[in-house]
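To start, the structure under review is shown below, and the notes come after it.
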Amino acid sequence: MGVITANQKNLAKMGAEALPRNDEIAAAAVSSHPLILGLQPAALVDHVAPVDWSLLDQIPGDRGGSVPVAIEELDRILEEVKAHKLASPDELSPMKTMAGGSVANTIRGLSVGFGVSCGIIGACGDDEQGKLFVSNMSSSRVNLSRLRMKRGHTAQCICMVDELANRTMRPCLSSAVKIQADELTKEDFKGSKWLVLRYAIFNLDVIQAAIRIAKQEGLLVSLDLASFEMVRNFRSSLQQLLESGDIDLCFANEDEAMELLRDEQTSDPAAAVEFLAKHCKWAVVTLGANGCIARHGKEIVRVPAIGEAKATDATGAGDLFAGGFLYGLIKGLSLEECCIAGACSGGSVIRALGGEVTPENWQWMYKQMQIKGLPLPDNRN
């Protein structure tokens, strides 16, 4: 069921003046059976800001990683960021707030930049952050009929970007509403072709339930390995998920790949791709400025990065790469062309702050795709 639509009658009782309007919800329902579905159990709002390295040294956890924090810690970090932020040269406001999360970034990019019909499965709270998430995703023409609205808080994440464009993330998920495994239905997945997931141990039961239903409905499954901390701390559960044979496409960045093979004699990206390809039809390891390496069956390709040598912000680079790669698969492109499409897409988002591509950077991407001889999306302006 789509609780957002069903709950419109009850909004007044919930005291939810900030909740999305009916026309916003209707605008999001652009396809009853989206080609690609993203599972993001908890809707998430990103606060993205450039910061001094001195601030990162004061925050517990590895620089460049993603470590969950309590709401009190999130509020403290936000206050610190406001005091230490660096002014972004091309923005009036140095902090951006937008719908976030790896899956949301991928789905939004596919919808806006590539014109692929997409939907999202999850839950948002009846708060200001929930309103922002719905407004942002609906304006991106993402189908929200599978997004349940619940009473409570929407998840948030502070993304701190250093001078080298690397991001350090501190998500607050513990008190946020999310969809439960027993809320998923076959109707959520019927008629779609792909399910996009992000590995997270605290969502493992929902992920497993979604994969089970998706496979029953004939969907292909794409999995992103999330973060090196998630791989490091919960590798056994991840390996079981991969060894199930239900993951068709897997994305990892270089740090995640290293963690995946930490106890092996060889832990370079090529070895990681080989390991993933034993369990998945397509395996991709992204290498930042060095491009990517991918494998499908016996075919292995290496593709260089496309775009600026110096990124403004790496937030969403892997998510948008995944969107471009999936677009290539949908179009029936070769493995190398899928990687090039991913590189064009990933290169577009690092040109500005945050995980949402600006209109001018979509145009930049289309130009790069044209140069590379790739088919352009039908929806481009």
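No lab work stands behind these numbers, since they all come straight from the coordinates. Owing to the predicted nature of the structure, the values given are computational and were not obtained by experimental measurement. Using ideal geometry, Cβ is built from the backbone for each residue, glycine included, and neighbour counts are taken over all protein chains shown.
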- Would you list, by chain and number, the aspartates and glutamates whose Cα falls below 19 Å from the Cα of Lys186, excluding same-chain residues fewer than 8 positions away? Asp205, Glu217, Asp246
- Task: Enumerate the calculated ³J(HN,Hα) couplings along segment 174-187 in order (Karplus 6.51 cos²θ - 1.76 cosθ + 1.60, θ = phi - 60°), each rounded to whole Hz, writing x wherever the residue is Gly or Pro.
- Result: 4, 9, 7, 6, 8, 6, 9, 4, 6, 8, 6, 10, 4, 4
- Query: How many times 2.2 N^0.38 Å is the alpha carbon radius of gyration of segment 158-211?
  - Reply: 1.54
- In nm, spacing of pseudo-spin labels at Ser236 and His33 (7 Å Cα→C-beta vector): 4.2 nm
- Message: Testing the spin-label approximation: label points 7 Å from Cα along Cα→Cβ at Trp53 and Ala270. State their distance in nm.
- Response: 3.2 nm
- Note on the structure: Scalar couplings 3J(HN,Hα) for segment 33-38 by Karplus 6.51 cos²θ - 1.76 cosθ + 1.60 (θ = phi - 60°), nearest whole Hz, x for Gly and Pro, are 10, x, 5, 10, 10, x
- Spelling it out for Ala352: with amide H atoms placed in the peptide plane at 1.01 Å from N, the residues 5 or more places away or on another chain with amide H under 5 Å from its amide H are Thr312, Asp313
- Task: Using just the helices of the chain, give the 222 nm mean residue ellipticity in deg cm²/dmol: DSSP H runs with n ≥ 4 each add -39,500 (n - 2.57), and the total is spread over all residues, rounded to 500.
- Result: -11000 deg cm²/dmol
- Task: Among DSSP beta bridges lying fully in segment 79-221, give the percent that are antiparallel, nearest 5.
- Result: 45 percent
- Query: In bins 10 Å wide, starting from 0, what share of all Cα pairs of the chain does each bin hold, as a percent?
  - Reply: 5, 25, 35, 26, 7, 0, 0
- Message: Give me, ordered by chain and number, the residues 5 or more places off Arg146 or on other chains with an amide H under 5 Å from its own placed amide H.
- Response: Ile120
- Query: Considering only the chain, what is the antiparallel percent among its DSSP beta bridges, to the nearest 5?
  - Reply: 40 percent
- Listed by chain and number, the residues whose amide H is under 5 Å from that of Ala226, excluding neighbours fewer than 5 places away on the same chain and using placed H, are Tyr199
- Once phi for every residue in segment 71-82 is put through the Karplus expression 6.51 cos²θ - 1.76 cosθ + 1.60 (θ = phi - 60°), the whole-Hz ³J(HN,Hα) values, with Gly and Pro written as x, are 4, 5, 5, 4, 4, 5, 5, 4, 5, 5, 4, 4
- With label points set 7 Å from each Cα along the Cα-to-Cβ direction at Thr185 and Glu80, the distance between them in nm comes to 4.5 nm
- Task: Distance check, please: which entries in Lys178/Lys278; Lys193/Lys278; Lys178/Lys215; Lys96/Lys131 exceed 24 angstrom between their Cα atoms?
- Result: Lys178/Lys278
